[in-house]
Amino acid sequence: MATDSPMQLGMIGLGRMGANLSRRLMHDGHHVVVYDVSADAVKSLEADGATGTSTLADFVNAIEKPRNIWIMIPAGIVDQTLEQLVPLLDADDTIIDGGNSYYHDDITRSKALAPKKLHYLDVGTSGGVWGLERGYCLMIGGDSSAVLRLDPIFKTIAPGEGSVEPTPGRDPKSQAAQGYLHCGPSGAGHFVKMVHNGIEYGMMAAIAEGLSIIKGADIGNQENAVHDAENTPLRDPQYYQYDINVTDVAEVWRRGSVISSWLVDLTAAALAKSPNLDEFGGRVSDSGEGRWTVEAAIDEGVPAPVITAALYQRFESRDLGVFTGKILSAMRSEFGGHNEQKAAK
């Protein structure tokens, strides 16, 4: 059903998230003005009903005052974008950073924009490439007046009640129950999203490790096991003679298990398409939020061993621990004359 409070929003950045956010808003009756350095990206949104612009100045001029401008770009280029954008704006305009900026930067930017009477909101946005259909979970930081004014925008972007059962004892019409939440002043939205992504690191790592253990449950059947001083022998091979279909395990976990989740759903879908995941090399990126979550845990004195280990696992996946391994091999060679074992082809 179309919104009963249509608004106009400007969107800067038309990657997967920015484009789908724009489409979701237009599907619900909002008017979206778009700008991107890629002319093709702008044309694609124009075809869906957006007002396209080719310069930041044209973009700003196409938006009614007070302007509402959502920036959906990598955290590393937010400041340079603001340097170009802010001089074009007027008092009471609102800038929304929906990317994954560091919450410290949000506090700094908000303070810098306050003398110009510009509102700045940080909105942690979770939903990935599926958000167009499912909606996006929104974690919002900034001043209450701007958040209230943009409520129809947030309500459209968020999932709403969807298929999630109401939590007993909670108002099903509350912001949180609809999938968006004003978490507090500047930085609070991205702080909550930062921790959300840190948790995601740990959950993803646990699912991946568990399925890998199941995949290796046939090690007792392997006849080419090496038996020498450099390799710990498998003591009880009779306990590891299972040929378990990992793809089927991921599928059965989706249905009624305690660990059923969207992450397990996505894992099952990936394995159904490619049981051995041959198209992946196993190099896992970290875009910053996991590191910042660990830093916050240290500052607060909160133990976070799971998230920290998951972050280090991502470092290891990119061979960032190779020199550490070389040092370990060198020490074993020096004190025990141990020859380094070559990796199996």
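The values are calculated or read from the model by the stated rules, or taken from the named source; none is laboratory data. All values derive from a computational prediction rather than experimental measurement. FYI the Cβ positions are ideal-geometry reconstructions off the backbone, even for glycines, and counts take in every protein chain you see. Ligands, DNA and RNA are stripped out before the accessible areas are found, and what is left, the full protein with its side chains, is counted by its heavy atoms. Shrake-Rupley method; radii C 1.70, N 1.55, O 1.52, S 1.80 Å.
When 334, 300, 295 are checked against the criterion of being surrounded by fewer than 12 Cβ atoms within 10 Å (Cβ to Cβ) and either within 24 Å of residue 124 (Cα to Cα) or among the small types (Gly, Ala, Ser) (or both), 300 stands alone in meeting it.
Can we say residue 258 is out of contact with any strand residue (DSSP E or B) (no Cβ under 8 Å at 6 or more places or on another chain) and either among the polar types (S, T, N, Q) or open to solvent by 30 Å² or more (accessible area, probe 1.4 Å) (or both)? Against the criterion (out of contact with any strand residue (DSSP E or B) (no Cβ under 8 Å at 6 or more places or on another chain) and either among the polar types (S, T, N, Q) or open to solvent by 30 Å² or more (accessible area, probe 1.4 Å) (or both)), residue 258 qualifies. Taken over region 208-265, residues that are part of a loop (DSSP other than H, G, I, E, B) and over 30 Å from residue 128 (Cβ atoms) amount to 21.
Test residue 120 against the stated conditions and say whether it is under 19 Å from residue 63 (Cα atoms) and among the hydroxyl-bearing types (Ser, Thr, Tyr).
Working: under 19 Å from residue 63 (Cα atoms): yes; among the hydroxyl-bearing types (Ser, Thr, Tyr): yes.
It is true that residue 120 is under 19 Å from residue 63 (Cα atoms) and among the hydroxyl-bearing types (Ser, Thr, Tyr).
Could you go through region 45-55 and let me know if any residue there is under 18 Å from residue 156 (Cα atoms) and either among the small types (Gly, Ala, Ser) or in contact with a Pro (Cβ under 7 Å, 6 or more places away or on another chain) (or both). Yes. Scanning region 201-238 for residues that are open to solvent by 70 Å² or more (accessible area, probe 1.4 Å) and at pLDDT 95 or above turns up 203, 204, 209, 212, 213, 215. Residue 308 satisfies every condition listed in (1) touching a helix residue (DSSP H, G or I) at 6+ places or on another chain (Cβ under 8 Å); (2) in contact (Cβ under 8 Å) with a residue 24 or more places away in the chain; (3) of a type in the set (S, T, N, Q) except (2).
Provide a single number: the residues in region 16-43 that are outside any loop (DSSP other than H, G, I, E, B) and in contact (Cβ under 8 Å) with a residue 40 or more places away in the chain. Reasoning before the result, please.
From region 16-43, those outside any loop (DSSP other than H, G, I, E, B) are 16-27, 31-35, 39-43; that's our starting set.
Right, trim to in contact (Cβ under 8 Å) with a residue 40 or more places away in the chain and you get 16-18, 20-21, 23-25.
Qualifying residue count for the region: 8.
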